[in-house]
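Student: Below you will find the structure I want to go over with you.
The values are calculated or read from the model by the stated rules, or taken from the named source; none is laboratory data. Computed from a prediction, not measured in an experiment: that's the story for all the values here. Cβ sites come from the backbone with ideal geometry, for glycine too, and all protein chains shown count toward neighbours. Surface areas here come from the heavy atoms of the whole protein model, side chains and all, with no ligands, DNA or RNA. Shrake-Rupley method; radii C 1.70, N 1.55, O 1.52, S 1.80 Å.
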Amino acid sequence: MSTAAPAITATPATPSIGAWSGERTGQFRNGTWGVRARDRRIIAAWAVDMVVVLGVSALVAVPMARASYSVDVGVFMGIVMWLFFPWVYGFVCMSGNTLGTLIAGTRLVKLRDGSAPGFWRSGWLMCLRTLLFLFVPLNSLLNAMNGNSDPVLRKHHVSIDKAATRALQRG
């Protein structure tokens, strides 16, 4: 008595813009289309934002160390500013455009509808960007050592290519 397995036909799903696959064009959850930014542009935006945050931290830490004649005070103030300033920077840049994204031509948007993250979430995302930026190379190395080739799936936010997304939506 043999039973044949039923034939299963699957239709390929439309790739989400949050999927880190070979396709850069995809849909937001509300049905509109966008173009995910290239990896090198995203890394460039993160790097510029990191330089801004570390620069402001140094601008506060160095004068504090000189005024108090203590390196410890300067280091402490630098760490405090490195943890605090990204929130302020994110709140100011709540449209999804930071100095890094403006230079790289990208924009951070919600996967839900392609809109800006909003006030509170912008601060949180900037904090994550600047704190996690240091761990990106380590994470990449560990993934490569483990043979992980799964695509990264974004759940809430994605960086889009502003010019390509505008051209896609116009045409």
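Student: When you go through Gly90, Gly78, Gly34, Gly74 one by one, which is the residue that is closer than 30 Å to Gly171 by Cα and either open to solvent by less than 60 Å² (accessible area, probe 1.4 Å) or touching a strand residue (DSSP E or B) at 6+ places or on another chain (Cβ under 7 Å) (or both)? Before you say what the answer is, go through the steps one by one.
Tutor: Numbers: Gly90 fails: closer than 30 Å to Gly171 by Cα; Gly78 fails: closer than 30 Å to Gly171 by Cα; Gly74 fails: closer than 30 Å to Gly171 by Cα.
The unique qualifying residue is Gly34.
Student: Restricting attention to segment 39-70, which residues are open to solvent by 30 Å² or more (accessible area, probe 1.4 Å) and closer than 18 Å to His156 by Cα?
Tutor: Within segment 39-70, Asp39, Trp46 meet the criteria.
Student: What tally of residues in segment 115-131 results from selecting those that are open to solvent by 50 Å² or more (accessible area, probe 1.4 Å) and closer than 17 Å to Gly55 by Cα? Give the steps one after another, and end with the answer.
Tutor: In the first step, residues of segment 115-131 are kept if they are open to solvent by 50 Å² or more (accessible area, probe 1.4 Å); the result is 119-121, 124, 128.
With closer than 17 Å to Gly55 by Cα added as a condition, the list becomes none.
Adding up the residues that qualify gives 0.
Student: With the checklist (1) surrounded by 13 or more Cβ atoms within 10 Å (Cβ to Cβ); (2) of a type in the set (S, T, N, Q); (3) in a helix (DSSP H, G or I) in hand, flag the one item Asn97 doesn't pass.
Tutor: (3)
Student: So, one more: If you check Arg107, Arg112, which single one turns out to be open to solvent by 20 Å² or more (accessible area, probe 1.4 Å), in contact (Cβ under 8 Å) with a residue 40 or more places away in the chain and in a loop (DSSP other than H, G, I, E, B)? Steps first, please.
Tutor: Values: Arg107 fails: in a loop (DSSP other than H, G, I, E, B).
Criteria check complete, one pass: Arg112.
Student: Before we move on, is Ser95 among the polar types (S, T, N, Q) and modelled with pLDDT of 85 or more? It would help to see each step written out before you state the result.
Tutor: Working: among the polar types (S, T, N, Q): yes; modelled with pLDDT of 85 or more: no.
No, not satisfied.
Student: Could you list, ordered by first residue, the pairs with Cβ atoms under 6 Å in which the first is in segment 34-60 and closer than 16 Å to Gly74 by Cα and the second is crowded, with 16+ Cβ neighbours inside 10 Å and of a type outside the set (Val, Ile, Thr), at least 6 apart or interchain?
Tutor: Going by the 6 Å Cβ cut-off, the qualifying pairs are Val53/Phe85; Val53/Pro86; Val56/Phe85; Ser57/Gly78; Ser57/Met81; Ser57/Trp82; Val60/Met77; Val60/Met81.
Student: What number of residues within segment 145-171 satisfy the criterion of being open to solvent by less than 70 Å² (accessible area, probe 1.4 Å) and at pLDDT below 70?
Tutor: The initial filter retains those residues of segment 145-171 that are open to solvent by less than 70 Å² (accessible area, probe 1.4 Å), namely 147, 152, 157-165, 167-168.
From the residues that got through so far, the ones that are at pLDDT below 70 too are 152.
Total satisfying the criteria: 1.
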